[in-house]
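In what follows, a single structure is set out as C-alpha coordinates and then discussed.
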Amino acid sequence: MEQYEPDRPPPAPAAAARRSPATGRASLTRRSLLRAAGGGTLALGALGTLSACGIPPAKNTAGVPSDDHSDEEKRIAFSNWTEYMDVDDGEKRHPTLDAFTRRTGIRVEYTEDINDNVEFFGRIKPQLAAGQDTGRDLIVVTDWLAARLIRFGWVQKLDASNLPHAYANLSAQFRTPDWDPGRAYSYPWTGISTVIAYNKKALDGVEVRSVSDLLDNPKLKGRVGFLSEMRDSIGMTLLDMGKDPADFSDDDFDAAVARLQKAVDTGQIRRFTGNDYTSDLSRGDLAACLAWAGDVVQLKADSPEVDFVVPDSGYMTSTDNLLVPNRARHKTNAERLIDYYYEPGPAAQLAAYINYVCPVDGVRTELAKIDEAAADNPLILPDEAMAARSRAFRSLSTKEETAYEEKFAKLTGA
(Lines give C-alpha, C1' and ligand atoms only; values in the text may rest on other atoms or scores of the structure.)
Protein backbone atom coordinates (compact mmCIF):
# COMPACT_ATOMS: atom_id res chain seq x y z
CA MET A 1 0.00 0.00 0.00
CA GLU A 2 1.29 3.42 -0.91
CA GLN A 3 2.30 5.60 2.03
CA TYR A 4 2.49 9.34 2.47
CA GLU A 5 6.11 10.50 2.67
CA PRO A 6 6.64 14.24 3.15
CA ASP A 7 10.03 15.57 2.08
CA ARG A 8 10.42 17.96 4.97
CA PRO A 9 8.84 18.72 8.34
CA PRO A 10 5.34 20.02 7.64
CA PRO A 11 4.94 23.80 7.76
CA ALA A 12 1.36 23.70 8.97
CA PRO A 13 1.72 24.90 12.60
CA ALA A 14 3.75 27.98 11.70
CA ALA A 15 1.55 28.83 8.76
CA ALA A 16 -1.62 28.40 10.75
CA ALA A 17 -0.27 30.67 13.45
CA ARG A 18 0.27 33.40 10.88
CA ARG A 19 -3.31 33.22 9.64
CA SER A 20 -6.28 34.89 11.21
CA PRO A 21 -10.04 34.63 10.77
CA ALA A 22 -9.82 37.75 8.66
CA THR A 23 -7.37 36.30 6.15
CA GLY A 24 -7.93 32.55 6.09
CA ARG A 25 -10.77 30.31 4.88
CA ALA A 26 -12.81 31.68 7.77
CA SER A 27 -12.85 35.12 6.18
CA LEU A 28 -15.16 34.02 3.37
CA THR A 29 -18.94 33.94 3.05
CA ARG A 30 -18.47 30.22 2.82
CA ARG A 31 -21.92 28.92 3.60
CA SER A 32 -24.25 31.85 3.70
CA LEU A 33 -26.94 31.67 1.06
CA LEU A 34 -28.05 35.09 2.28
CA ARG A 35 -24.67 36.80 2.23
CA ALA A 36 -23.49 35.10 -0.95
CA ALA A 37 -25.78 37.17 -3.15
CA GLY A 38 -26.32 40.14 -0.87
CA GLY A 39 -29.69 39.05 0.49
CA GLY A 40 -32.01 36.11 0.88
CA THR A 41 -34.46 37.04 -1.86
CA LEU A 42 -31.77 37.79 -4.40
CA ALA A 43 -29.90 34.60 -3.65
CA LEU A 44 -33.06 32.57 -3.95
CA GLY A 45 -33.83 34.32 -7.19
CA ALA A 46 -30.47 33.28 -8.57
CA LEU A 47 -31.20 29.68 -7.69
CA GLY A 48 -34.87 29.78 -8.46
CA THR A 49 -34.47 30.77 -12.12
CA LEU A 50 -33.46 27.27 -13.12
CA SER A 51 -36.85 26.30 -14.49
CA ALA A 52 -37.26 29.66 -16.22
CA CYS A 53 -33.94 29.12 -17.98
CA GLY A 54 -35.12 25.78 -19.30
CA ILE A 55 -32.92 23.83 -16.91
CA PRO A 56 -34.67 20.64 -15.82
CA PRO A 57 -35.40 20.22 -12.12
CA ALA A 58 -34.45 16.99 -10.39
CA LYS A 59 -34.12 14.80 -13.48
CA ASN A 60 -31.74 12.00 -12.58
CA THR A 61 -29.09 12.12 -15.29
CA ALA A 62 -26.22 11.56 -12.87
CA GLY A 63 -23.22 9.68 -14.15
CA VAL A 64 -23.56 10.93 -17.73
CA PRO A 65 -21.04 8.87 -19.73
CA SER A 66 -17.81 10.75 -20.19
CA ASP A 67 -14.58 9.76 -21.86
CA ASP A 68 -12.01 9.41 -19.09
CA HIS A 69 -8.59 10.53 -20.29
CA SER A 70 -6.84 9.81 -16.99
CA ASP A 71 -4.49 7.18 -18.42
CA GLU A 72 -3.05 9.35 -21.18
CA GLU A 73 -3.43 12.75 -19.48
CA LYS A 74 -1.77 12.71 -16.07
CA ARG A 75 -3.42 15.78 -14.67
CA ILE A 76 -6.37 17.06 -12.61
CA ALA A 77 -8.08 20.44 -12.63
CA PHE A 78 -9.09 21.09 -9.01
CA SER A 79 -11.20 24.11 -7.93
CA ASN A 80 -11.29 25.01 -4.23
CA TRP A 81 -11.89 27.87 -1.80
CA THR A 82 -9.16 30.33 -0.82
CA GLU A 83 -6.88 29.29 2.07
CA TYR A 84 -8.36 25.80 2.10
CA MET A 85 -5.13 23.92 1.37
CA ASP A 86 -1.83 23.53 3.19
CA VAL A 87 0.82 25.99 2.01
CA ASP A 88 4.56 26.26 2.42
CA ASP A 89 4.54 30.02 2.79
CA GLY A 90 8.24 30.34 2.05
CA GLU A 91 7.89 28.80 -1.40
CA LYS A 92 4.18 29.36 -2.10
CA ARG A 93 3.75 25.64 -2.69
CA HIS A 94 1.19 23.10 -1.53
CA PRO A 95 3.19 20.28 0.11
CA THR A 96 0.48 17.62 0.07
CA LEU A 97 -0.36 18.27 -3.58
CA ASP A 98 3.33 18.16 -4.46
CA ALA A 99 3.71 14.84 -2.64
CA PHE A 100 0.72 13.44 -4.54
CA THR A 101 2.31 14.43 -7.86
CA ARG A 102 5.65 12.89 -6.94
CA ARG A 103 3.95 9.66 -6.01
CA THR A 104 1.55 9.32 -8.91
CA GLY A 105 2.96 11.46 -11.69
CA ILE A 106 -0.40 13.26 -11.82
CA ARG A 107 -0.06 17.04 -12.05
CA VAL A 108 -2.67 19.00 -10.10
CA GLU A 109 -3.81 22.27 -11.66
CA TYR A 110 -5.01 23.76 -8.40
CA THR A 111 -7.12 26.92 -8.51
CA GLU A 112 -8.65 28.80 -5.58
CA ASP A 113 -11.48 30.27 -7.60
CA ILE A 114 -14.49 29.64 -5.33
CA ASN A 115 -15.53 32.68 -3.31
CA ASP A 116 -19.08 31.66 -2.47
CA ASN A 117 -21.43 28.86 -3.42
CA VAL A 118 -24.04 30.87 -5.34
CA GLU A 119 -21.47 32.72 -7.42
CA PHE A 120 -19.63 29.51 -8.30
CA PHE A 121 -22.87 27.72 -9.15
CA GLY A 122 -23.76 30.52 -11.53
CA ARG A 123 -20.39 30.14 -13.21
CA ILE A 124 -20.59 26.39 -13.87
CA LYS A 125 -24.38 26.13 -14.37
CA PRO A 126 -24.46 26.88 -18.13
CA GLN A 127 -21.95 24.15 -18.99
CA LEU A 128 -23.50 21.57 -16.68
CA ALA A 129 -27.01 22.30 -17.96
CA ALA A 130 -25.80 21.94 -21.54
CA GLY A 131 -24.00 18.67 -20.81
CA GLN A 132 -20.58 20.25 -21.38
CA ASP A 133 -17.23 19.96 -19.61
CA THR A 134 -16.76 22.70 -17.00
CA GLY A 135 -12.99 22.46 -17.34
CA ARG A 136 -12.83 21.10 -13.79
CA ASP A 137 -12.32 17.53 -12.63
CA LEU A 138 -12.86 18.15 -8.92
CA ILE A 139 -14.77 20.84 -7.04
CA VAL A 140 -15.49 21.67 -3.38
CA VAL A 141 -18.97 22.97 -2.50
CA THR A 142 -21.07 23.14 0.65
CA ASP A 143 -23.61 20.41 1.40
CA TRP A 144 -26.75 22.28 0.28
CA LEU A 145 -25.21 22.97 -3.14
CA ALA A 146 -23.77 19.45 -3.35
CA ALA A 147 -27.30 18.16 -2.76
CA ARG A 148 -28.62 20.39 -5.54
CA LEU A 149 -25.97 19.23 -8.04
CA ILE A 150 -26.68 15.59 -7.22
CA ARG A 151 -30.42 16.15 -7.52
CA PHE A 152 -30.00 17.76 -10.94
CA GLY A 153 -27.81 14.85 -12.06
CA TRP A 154 -24.84 17.11 -12.76
CA VAL A 155 -22.10 15.16 -10.96
CA GLN A 156 -20.70 11.71 -11.55
CA LYS A 157 -21.13 8.67 -9.37
CA LEU A 158 -17.79 7.74 -7.83
CA ASP A 159 -16.06 4.41 -8.42
CA ALA A 160 -15.63 2.81 -4.99
CA SER A 161 -12.76 0.65 -6.28
CA ASN A 162 -10.67 3.82 -6.61
CA LEU A 163 -11.50 4.97 -3.07
CA PRO A 164 -10.29 2.29 -0.61
CA HIS A 165 -8.95 4.75 1.99
CA ALA A 166 -11.96 7.04 1.69
CA TYR A 167 -14.38 4.18 2.13
CA ALA A 168 -12.51 2.76 5.11
CA ASN A 169 -11.56 5.99 6.89
CA LEU A 170 -14.57 8.27 6.51
CA SER A 171 -15.80 9.19 10.00
CA ALA A 172 -19.14 7.68 10.95
CA GLN A 173 -20.81 11.05 11.53
CA PHE A 174 -20.35 11.98 7.86
CA ARG A 175 -21.27 8.69 6.18
CA THR A 176 -25.00 9.02 5.58
CA PRO A 177 -26.22 12.53 4.73
CA ASP A 178 -29.81 12.42 3.51
CA TRP A 179 -28.79 14.06 0.23
CA ASP A 180 -26.12 11.42 -0.59
CA PRO A 181 -26.68 8.25 1.47
CA GLY A 182 -23.56 6.12 1.54
CA ARG A 183 -21.56 8.88 -0.18
CA ALA A 184 -22.07 7.59 -3.71
CA TYR A 185 -21.33 11.00 -5.29
CA SER A 186 -19.33 12.96 -2.72
CA TYR A 187 -16.78 12.84 0.07
CA PRO A 188 -16.27 15.55 2.67
CA TRP A 189 -13.29 17.85 2.36
CA THR A 190 -13.94 19.18 5.87
CA GLY A 191 -16.69 19.40 8.45
CA ILE A 192 -17.91 22.79 9.69
CA SER A 193 -19.30 22.75 13.23
CA THR A 194 -21.41 25.47 14.85
CA VAL A 195 -20.90 25.97 18.59
CA ILE A 196 -21.33 28.73 21.17
CA ALA A 197 -18.29 30.95 21.58
CA TYR A 198 -17.88 33.49 24.35
CA ASN A 199 -15.53 36.09 25.77
CA LYS A 200 -14.86 35.21 29.40
CA LYS A 201 -14.04 38.78 30.41
CA ALA A 202 -17.18 40.16 28.77
CA LEU A 203 -19.38 37.52 30.43
CA ASP A 204 -18.10 38.66 33.83
CA GLY A 205 -19.23 35.50 35.58
CA VAL A 206 -22.45 34.91 33.62
CA GLU A 207 -22.74 31.24 32.71
CA VAL A 208 -23.48 30.33 29.11
CA ARG A 209 -24.25 26.68 28.40
CA SER A 210 -27.10 26.75 25.90
CA VAL A 211 -28.91 28.69 23.21
CA SER A 212 -31.55 29.46 25.86
CA ASP A 213 -28.88 31.28 27.85
CA LEU A 214 -28.14 33.43 24.80
CA LEU A 215 -31.80 34.21 24.16
CA ASP A 216 -33.19 34.54 27.66
CA ASN A 217 -30.56 35.87 30.06
CA PRO A 218 -31.19 39.63 30.50
CA LYS A 219 -27.58 40.16 31.62
CA LEU A 220 -26.53 39.46 28.02
CA LYS A 221 -29.02 41.84 26.41
CA GLY A 222 -27.52 43.53 23.35
CA ARG A 223 -24.35 41.46 23.53
CA VAL A 224 -25.45 38.28 21.74
CA GLY A 225 -24.75 37.34 18.12
CA PHE A 226 -26.38 34.79 15.84
CA LEU A 227 -25.28 33.73 12.37
CA SER A 228 -26.66 34.99 9.07
CA GLU A 229 -26.58 31.39 7.83
CA MET A 230 -30.16 30.15 8.21
CA ARG A 231 -29.29 26.49 8.69
CA ASP A 232 -26.98 27.26 11.60
CA SER A 233 -29.10 29.75 13.54
CA ILE A 234 -32.39 27.95 12.99
CA GLY A 235 -30.76 24.56 13.48
CA MET A 236 -29.22 25.49 16.82
CA THR A 237 -32.53 27.00 17.95
CA LEU A 238 -34.46 23.88 16.93
CA LEU A 239 -32.04 21.73 18.93
CA ASP A 240 -32.53 23.94 21.97
CA MET A 241 -36.29 23.49 21.56
CA GLY A 242 -35.91 19.72 21.59
CA LYS A 243 -36.49 19.39 17.84
CA ASP A 244 -34.36 17.49 15.35
CA PRO A 245 -33.00 19.66 12.49
CA ALA A 246 -32.91 16.50 10.39
CA ASP A 247 -36.66 15.98 10.84
CA PHE A 248 -38.80 19.04 11.50
CA SER A 249 -42.06 20.54 10.23
CA ASP A 250 -43.06 23.95 8.90
CA ASP A 251 -44.61 24.67 12.30
CA ASP A 252 -41.32 23.81 14.01
CA PHE A 253 -39.46 26.17 11.70
CA ASP A 254 -41.96 28.95 12.33
CA ALA A 255 -41.66 28.43 16.10
CA ALA A 256 -37.87 28.75 15.90
CA VAL A 257 -38.20 31.95 13.85
CA ALA A 258 -40.68 33.35 16.38
CA ARG A 259 -38.29 32.60 19.23
CA LEU A 260 -35.48 34.44 17.50
CA GLN A 261 -37.81 37.27 16.49
CA LYS A 262 -38.69 37.86 20.13
CA ALA A 263 -35.00 38.14 20.97
CA VAL A 264 -34.56 40.61 18.11
CA ASP A 265 -37.54 42.69 19.20
CA THR A 266 -36.33 42.91 22.80
CA GLY A 267 -32.79 43.79 21.77
CA GLN A 268 -31.36 40.58 23.22
CA ILE A 269 -29.70 39.74 19.89
CA ARG A 270 -27.27 42.47 18.86
CA ARG A 271 -27.07 41.35 15.24
CA PHE A 272 -26.82 38.46 12.78
CA THR A 273 -23.32 38.11 11.36
CA GLY A 274 -21.11 36.28 8.94
CA ASN A 275 -17.52 35.79 10.01
CA ASP A 276 -17.32 39.39 11.14
CA TYR A 277 -18.37 38.29 14.63
CA THR A 278 -14.73 37.38 15.24
CA SER A 279 -13.53 40.93 15.88
CA ASP A 280 -16.55 41.78 18.06
CA LEU A 281 -16.03 38.64 20.14
CA SER A 282 -12.31 39.26 20.58
CA ARG A 283 -12.96 42.83 21.74
CA GLY A 284 -15.79 41.78 24.02
CA ASP A 285 -18.44 43.79 22.15
CA LEU A 286 -20.18 40.44 21.85
CA ALA A 287 -20.21 38.50 25.09
CA ALA A 288 -21.36 35.29 23.40
CA CYS A 289 -22.47 34.16 19.96
CA LEU A 290 -22.96 31.26 17.63
CA ALA A 291 -19.64 30.60 15.92
CA TRP A 292 -17.96 28.30 13.44
CA ALA A 293 -15.41 25.95 14.94
CA GLY A 294 -12.63 26.81 12.49
CA ASP A 295 -12.84 30.45 13.61
CA VAL A 296 -12.88 29.46 17.27
CA VAL A 297 -9.67 27.44 16.94
CA GLN A 298 -7.86 30.48 15.57
CA LEU A 299 -9.50 32.94 17.98
CA LYS A 300 -8.51 30.85 20.99
CA ALA A 301 -4.92 30.84 19.76
CA ASP A 302 -4.94 34.64 19.51
CA SER A 303 -7.04 35.54 22.55
CA PRO A 304 -7.04 33.74 25.92
CA GLU A 305 -10.39 35.34 26.73
CA VAL A 306 -12.20 33.44 23.99
CA ASP A 307 -13.55 29.96 24.64
CA PHE A 308 -16.44 27.77 23.51
CA VAL A 309 -19.11 25.39 24.74
CA VAL A 310 -21.05 22.63 23.02
CA PRO A 311 -24.67 22.72 24.25
CA ASP A 312 -26.07 19.55 25.80
CA SER A 313 -28.84 19.74 23.19
CA GLY A 314 -26.27 19.25 20.43
CA TYR A 315 -24.64 21.31 17.70
CA MET A 316 -24.93 21.75 13.96
CA THR A 317 -22.44 20.31 11.51
CA SER A 318 -22.30 20.79 7.76
CA THR A 319 -19.69 19.77 5.23
CA ASP A 320 -17.77 21.12 2.29
CA ASN A 321 -17.61 18.31 -0.24
CA LEU A 322 -15.52 16.95 -3.08
CA LEU A 323 -17.46 16.13 -6.27
CA VAL A 324 -16.59 15.23 -9.87
CA PRO A 325 -18.71 17.22 -12.37
CA ASN A 326 -20.29 15.57 -15.39
CA ARG A 327 -18.06 15.44 -18.46
CA ALA A 328 -14.87 15.82 -16.41
CA ARG A 329 -11.95 14.51 -18.47
CA HIS A 330 -10.00 12.98 -15.58
CA LYS A 331 -12.44 11.23 -13.28
CA THR A 332 -10.13 8.41 -12.21
CA ASN A 333 -7.33 10.87 -11.43
CA ALA A 334 -9.77 12.93 -9.37
CA GLU A 335 -10.84 9.84 -7.44
CA ARG A 336 -7.21 9.02 -6.70
CA LEU A 337 -6.75 12.51 -5.27
CA ILE A 338 -9.89 12.17 -3.13
CA ASP A 339 -8.62 8.87 -1.81
CA TYR A 340 -5.18 10.33 -1.11
CA TYR A 341 -6.66 12.90 1.28
CA TYR A 342 -8.26 10.07 3.24
CA GLU A 343 -4.88 8.62 4.11
CA PRO A 344 -3.87 9.64 7.67
CA GLY A 345 -0.69 11.49 6.64
CA PRO A 346 -2.10 13.94 4.08
CA ALA A 347 -5.33 14.29 6.07
CA ALA A 348 -3.39 15.25 9.19
CA GLN A 349 -1.28 17.85 7.39
CA LEU A 350 -4.37 19.40 5.84
CA ALA A 351 -6.19 19.50 9.18
CA ALA A 352 -3.22 21.09 10.93
CA TYR A 353 -3.20 23.91 8.42
CA ILE A 354 -6.87 24.74 7.92
CA ASN A 355 -8.15 23.93 11.46
CA TYR A 356 -11.56 22.62 10.42
CA VAL A 357 -13.15 19.32 11.45
CA CYS A 358 -11.20 16.46 9.91
CA PRO A 359 -13.60 13.85 8.45
CA VAL A 360 -10.92 11.14 8.41
CA ASP A 361 -10.67 8.50 11.12
CA GLY A 362 -7.25 7.42 12.31
CA VAL A 363 -5.37 10.72 11.93
CA ARG A 364 -4.74 11.48 15.59
CA THR A 365 -1.25 9.95 15.72
CA GLU A 366 -0.14 11.66 12.52
CA LEU A 367 -1.64 14.99 13.58
CA ALA A 368 0.08 14.82 16.97
CA LYS A 369 3.44 14.60 15.17
CA ILE A 370 2.64 17.94 13.53
CA ASP A 371 0.70 19.74 16.26
CA GLU A 372 -0.20 18.09 19.56
CA ALA A 373 -2.68 20.83 20.45
CA ALA A 374 -4.57 20.27 17.20
CA ALA A 375 -4.68 16.53 17.81
CA ASP A 376 -6.27 17.14 21.22
CA ASN A 377 -8.70 19.77 19.99
CA PRO A 378 -12.30 18.46 19.78
CA LEU A 379 -13.12 21.18 17.27
CA ILE A 380 -10.70 19.51 14.84
CA LEU A 381 -10.98 15.88 15.94
CA PRO A 382 -14.27 15.38 17.78
CA ASP A 383 -14.26 12.47 20.20
CA GLU A 384 -17.09 9.93 20.12
CA ALA A 385 -19.14 11.79 22.71
CA MET A 386 -18.94 15.07 20.84
CA ALA A 387 -19.55 13.47 17.44
CA ALA A 388 -22.68 11.83 18.85
CA ARG A 389 -24.12 15.29 19.59
CA SER A 390 -23.62 16.47 16.03
CA ARG A 391 -26.71 17.13 13.92
CA ALA A 392 -27.19 18.06 10.27
CA PHE A 393 -29.91 20.23 8.74
CA ARG A 394 -32.17 18.16 6.51
CA SER A 395 -32.32 18.67 2.78
CA LEU A 396 -34.92 21.17 1.62
CA SER A 397 -37.12 21.11 -1.43
CA THR A 398 -36.93 24.13 -3.69
CA LYS A 399 -40.27 25.31 -2.32
CA GLU A 400 -39.13 24.92 1.28
CA GLU A 401 -35.82 26.61 0.61
CA THR A 402 -37.55 29.63 -0.91
CA ALA A 403 -40.09 29.95 1.89
CA TYR A 404 -37.63 29.39 4.73
CA GLU A 405 -34.98 31.76 3.41
CA GLU A 406 -37.58 34.49 2.87
CA LYS A 407 -38.76 34.16 6.47
CA PHE A 408 -35.21 34.16 7.75
CA ALA A 409 -34.30 37.18 5.62
CA LYS A 410 -37.20 39.08 7.15
CA LEU A 411 -36.01 38.09 10.62
CA THR A 412 -32.43 39.22 10.02
CA GLY A 413 -33.31 42.32 8.02
CA ALA A 414 -31.30 41.07 5.06
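The values are calculated or read from the model by the stated rules, or taken from the named source; none is laboratory data. As the structure is a computational prediction, the values presented were derived from the model and not from experiment. Virtual Cβ from ideal backbone geometry, glycine too; neighbours counted across all protein chains shown. Side chains included, ligands, DNA and RNA excluded: accessible areas come from the protein's heavy atoms. Shrake-Rupley method; radii C 1.70, N 1.55, O 1.52, S 1.80 Å.
Straight-line cross-link reach from Lys399 at under 12 Å between alpha-carbon atoms covers these aspartates and glutamates, not counting any fewer than eight positions away in the same chain: Asp250.
Classify the range 305-414 as rounded, prolate or oblate from the Cα gyration tensor: take a ≥ b ≥ c as the square roots of its eigenvalues, call it rounded if a/c is under 1.5, otherwise prolate when a/b beats b/c and oblate if not. Oblate shape, in that a/c is at least 1.5 and b/c is the bigger or equal ratio. 3J(HN,Hα) couplings calculated from phi for the range 288-299 with the Karplus curve 6.51 cos²θ - 1.76 cosθ + 1.60 (θ = phi - 60°) are, in sequence order, 7, 6, 6, 8, 8, 4, x, 5, 5, 4, 6, 4 Hz; Gly and Pro show x.
Using only alpha-carbon positions, what ratio does the radius of gyration of the range 134-175 give when scaled by 2.2 N^0.38 Å?
Here the Cα radius of gyration is 1.32 times the empirical estimate.
The spacing between the range 267-288 and the range 358-414, judged by their C-alpha centroids, is 20 Å.
The listed residues Trp81, Trp144, once ranked by accessible area (1.4 Å probe) with the largest placed first, stand as Trp144, Trp81. Compared with the direct C-alpha span, the chain from Lys92 to Asn115 gains 6.3 nm at full extension, assuming 0.36 nm per residue. Overall dimensions of the range 244-294, expressed as equivalent-ellipsoid semi-axes from the Cα gyration tensor (√(5λ), whole Å, largest first), are 25, 16, 7. Within the range 74-142, what percent of beta bridges assigned by DSSP are antiparallel, to the nearest 5? About 10 percent, rounded to the nearest 5. First check a/c for the range 178-320, with a ≥ b ≥ c the square roots of the eigenvalues of its C-alpha gyration tensor; if it is under 1.5, answer rounded, and if not, answer prolate when a/b is larger than b/c or oblate otherwise. Oblate shape, in that a/c is at least 1.5 and b/c is the bigger or equal ratio. Here the peptides 253-264, 147-158 are ranked by packing, the mean other Cβ count within 10 Å, and the order with the highest first is 147-158, 253-264.
Pairs exceeding 18 Å between alpha-carbon atoms, taken from Lys262/Lys407; Lys201/Lys262; Lys221/Lys243: Lys201/Lys262; Lys221/Lys243.
Here's the list of aspartates and glutamates a cross-link from Lys92 could span, going by alpha-carbon distance under 20 Å and ignoring same-chain residues fewer than 8 apart: Glu5, Asp7, Glu83, Glu109, Glu112, Asp113. In this structure the amide hydrogen of Leu170, modeled in the peptide plane, comes within under 5 Å of the amide hydrogens of Asp361, none closer than 5 places in sequence on its chain.
I'm a student and want to see the number: the projected area of the Cα convex hull of the range 269-318, averaged over all directions, in nm². The Cα convex hull of the range 269-318, projected and averaged over all directions, gives 3.9 nm². Taking a ≥ b ≥ c as the square roots of the eigenvalues of the alpha carbon gyration tensor, the range 78-142 is oblate, as a/c is not under 1.5 and a/b does not beat b/c. Its residue count N sets the reference 2.2 N^0.38 Å, and the alpha-carbon radius of gyration of the range 116-222 equals 1.56 times that reference.
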